[in-house]
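Asks: Could you have a look at this structure, given as structure tokens, before my questions?
Read-outs throughout are calculated quantities, based only on the coordinates presented, and are distinct from any laboratory measurement. Values in this document were obtained by computation on a predicted structure and should not be read as measured data.
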Amino acid sequence: MKSNFFFKLMLVAGTPILLWEAREPIATMWRWFSNRDAVEASMNHLGIWGPAVLFVLFVLQVFLAFIPGQALMVACGFLYGFWGGFLLSWLSLVVGGEIAFVLARRYGRTFAEKWISTDVLARWDKSAEGQGITFFAITLVMPLAPNDAMCYVAGLGKISRIRFSIANLLGRGLACALTSAAGAFGGNIPWQGWAILIGICIAIGIAWIIIRNRKSFLLA
């Protein structure tokens, strides 16, 4: 017990020191992640290894909040076109979400709180209680919802693995389609495309309102 205590004490005391020593590389990495042009230049320089690096980054961003997933998703569409960007971001985000779900279900809240704040988990635990595929699919695509955190919330909840996987595929798929289109076509999206995108956003908003109202009605 003493050795475990001292190990934790050393870990807590040593972490700030390590962060201070690594402050310059961390700052450089942060600037790189925040600069889409820099990301694009780096991926082009990597050549055939670019997609593999992006795949790993997408999986990691489910655990590391400082990696801007949306920016990488748009960059994917710009670099590899709509279909290439869509498939790369979709498959990698689904894999990352499944890993987070499985680990949260296996190791519980203690594990989840290492990656997601306690307040976020507590708030969305209540919203997700008794919810199914539609709820999680919507929260995985809505920009105002903590998309990655919902994988942990699902793992801590009662939704089955197969039902979450369906929601993961649907929600991530829609999010990746929208961002890949933005990256691939930019300002060249025709008005019909914008009409479809706006219609999708409206449908998602309506579905979200219906789900929330239904839950409030059931709890009343």
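Asks: Between Lys126 and Ile99, what length in nm is gained on full extension when 0.36 nm per residue of separation is reduced by their alpha carbon distance?
Replies: Extra length from Lys126 to Ile99 when fully extended: 7.5 nm.
Asks: For the range 42-146, count all C-alpha to C-alpha pairs, find those more than 23 Å apart, and express that count as a whole percent of the total.
Replies: Value for the range 42-146 (Cα pairs over 23 Å): 32 percent.
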